[in-house]
Amino acid sequence: MLTLSIIKADTGGFVGHSAVHPDMMAEARREIDRASASGLIIDGHVASCGDDISLIMTHTYGVDAGLIHSFAWDTFRNTTRIAKELGLYGAGQDLLSDAFSGNLRGMGPGYAELEFEERPSEPVICFLADKTEPGAWNLPLYKIFADPFNTAGLVIDQKMHAGFGFEVYDLYEEKRIVFDCPADLYDMLMYIGAPARYVVHGVRSKTLGETAAATSTQRLSLIAGKYVGKDDPVMIVRCQSGLPAVGEVLEPFAFPYAVAGCMRGSHHAPFLPVPVEQAHPSRFDGPPRVVALGFQIHDGKLIGPRDMFADPAFDRAREQANEIMDYFRRHGPFEPHRLPLSELEYTTMSTLTKQLANRWTPMTTVIATPVG
Ligand code: F6R
Ligand code: MG
Ligand code: MG
């Protein structure tokens, strides 16, 4: 069995929270080369989206493997060291713990991992996002694996017609459920339509019995108990031969739907599909970005990547996203641009509640008009 892991962390931004410094990327590449040479991993690729570094690796240790996670942790500590040397912003931001213990669960870095038997031809797409949260994958996963208006194969491919199982996490109560689609579609949408709390963790083909997709599923703020940056999630989707075709997997991103994140992790903004060279959110710390790296995996080797959103067919989504961004920005501090109070990652509300406690009076009280 082969495992494909994407492990990612923000270990410092250049400039502000907009990108990763080239020296940090070079360090991560040196580590990945060393890990390949030593035989720890079969192959690896270092990528970035915004201020997050992703280590994309193939190996045989399975998911949640201590050896692989500790390698990623050490790599992120090294990139943090460089970020500190250069005085980069938020150095070591996602490393929430001082010491590594077992695996990365709850330690800050995010990860999506899939274990599978390599097929004769194994096309996969690795999606990397910046300035948004894990629930951002709910809408495209629904469309890819459950919406026949997106995915023709659900109707006309014999191997897809039975549908897919969706594993959904409740991040608030740390529970999970599997929805059997299409039978459970309406039930599932009630939950995953609320992506701040309910997040699709994985998708499985009912006909092939194969796991088709995996996402990084965490909320840093729920782990740390305070705002420590948006999670900036990643996702792996296997494609073709009874799984959605590459074009069906990319299709949902032709619609720049609104996600939570952007400035101070506290605003709705359009999700902008971009080529790798444009994955540097600057305007209002956004709009949130997504890149798609396509690989063919062969004997465990990562053949690629191909930059899947470097396609003029996504230009219209980009134009539309810019218009939507203008529209949202004109709301300034008002919802629905600003997130509802319960979802704000930054807030002055608790301080204000104390400061203004005496000035709030029952609505029946007559207040003298202030004289200017
Ligand atoms: C978004 C993000 C940024 C920061 C913002 C303020 O995920 O990380 O938008 O929240 O740049 O950062 P500080 O508070 O560090 O000045
Ligand atoms: Mg950052
Ligand atoms: Mg980030």
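The values are calculated or read from the model by the stated rules, or taken from the named source; none is laboratory data. Here the structure is a predicted model, which is why all the values come from computation and not from measurement. For neighbour counting, all protein chains shown are included, and Cβ atoms are generated from backbone atoms with ideal geometry for every residue, glycine included.
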*Identify all residues within segment 137-175 that are in contact with a Ser or Thr (Cβ under 9 Å, 6 or more places away or on another chain) and hydrophobic (A, V, I, L, M, F, W, C); write none if there are none.*
W137, L141, I144, F145, M160, A162, F164, L171
*Index of the failed condition, Q93 passing every other in (1) under 22 Å from V124 (Cβ atoms); (2) within 16 Å of ligand 3 (Cβ to nearest atom)*: (1)
_Filter result (part of a loop (DSSP other than H, G, I, E, B) and within 16 Å of ligand 1 (Cβ to nearest atom)) within segment 119-170_ = K131, E133
*Hey, A129 hits all of (1) farther than 30 Å from D285 by Cβ; (2) small (G, A, S); (3) crowded, with 20+ Cβ neighbours inside 10 Å but one; which does it fall short on?*
(1)
*Identify all residues within segment 78-109 that are away from ligand 1 (no atom under 16 Å from the Cβ), assigned to a loop (DSSP other than H, G, I, E, B) and modelled with pLDDT of 95 or more; write none if there are none.*
L86
_So, in segment 1-45, exactly how many residues are β-branched (V, I, T), within 16 Å of ligand 3 (Cβ to nearest atom) and surrounded by fewer than 20 Cβ atoms within 10 Å (Cβ to Cβ)?_
1
_Against the condition touching a residue at least 40 places away in the same chain (Cβ under 8 Å) and within 18 Å of the chain's Cα centre (by Cα), how does H280 come out, does it pass?_
yes
*How many of the residues in segment 89-119 are of a type in the set (F, W, Y) and either within 13 Å of ligand 2 (Cβ to nearest atom) or closer than 19 Å to T217 by Cα (or both)?*
2
_Residues of segment 271-306 that turn out to be over 22 Å from L139 (Cβ atoms) and away from ligand 1 (no atom under 16 Å from the Cβ), as a count_ = 14
*Please identify the pairs in which a residue from segment 63-86 that is surrounded by 17 or more Cβ atoms within 10 Å (Cβ to Cβ) has its Cβ atom under 6 Å from the Cβ atom of a residue that is among the aromatic types (F, W, Y), counting only partners at least 6 apart or on another chain.*
I68/Y61; W73/F100
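Could you say which residue among R306, R289 is more than 15 Å from the chain's Cα centre (by Cα), among the basic types (K, R) and in the same structural domain as C126 (by TED's automatic domain parsing)? Let's see the steps before the verdict.
Values: R289 fails: more than 15 Å from the chain's Cα centre (by Cα).
When all the criteria are applied, what remains is R306.
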_Hits in segment 1-42 (condition: within 16 Å of ligand 1 (Cβ to nearest atom) and either under 23 Å from T211 (Cβ atoms) or not in a loop (DSSP other than H, G, I, E, B) (or both))_ = K8, A9, G13
_Flag for D64 being among the charged types (D, E, K, R) and closer than 28 Å to H267 by Cβ_ = no
*Return the total of residues in segment 133-163 being within 21 Å of G294 (Cβ to Cβ) and either aliphatic (A, V, I, L, M) or within 16 Å of ligand 3 (Cβ to nearest atom) (or both).*
7
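Inspect all residues belonging to segment 27-43 and state whether any of them is under 19 Å from the mean Cα position of the chain (by Cα) and in contact (Cβ under 8 Å) with a residue 12 or more places away in the chain. Show your work before the answer.
Within segment 27-43, the subset under 19 Å from the mean Cα position of the chain (by Cα) is none.
No, because not a single residue in segment 27-43 is under 19 Å from the mean Cα position of the chain (by Cα) and in contact (Cβ under 8 Å) with a residue 12 or more places away in the chain.
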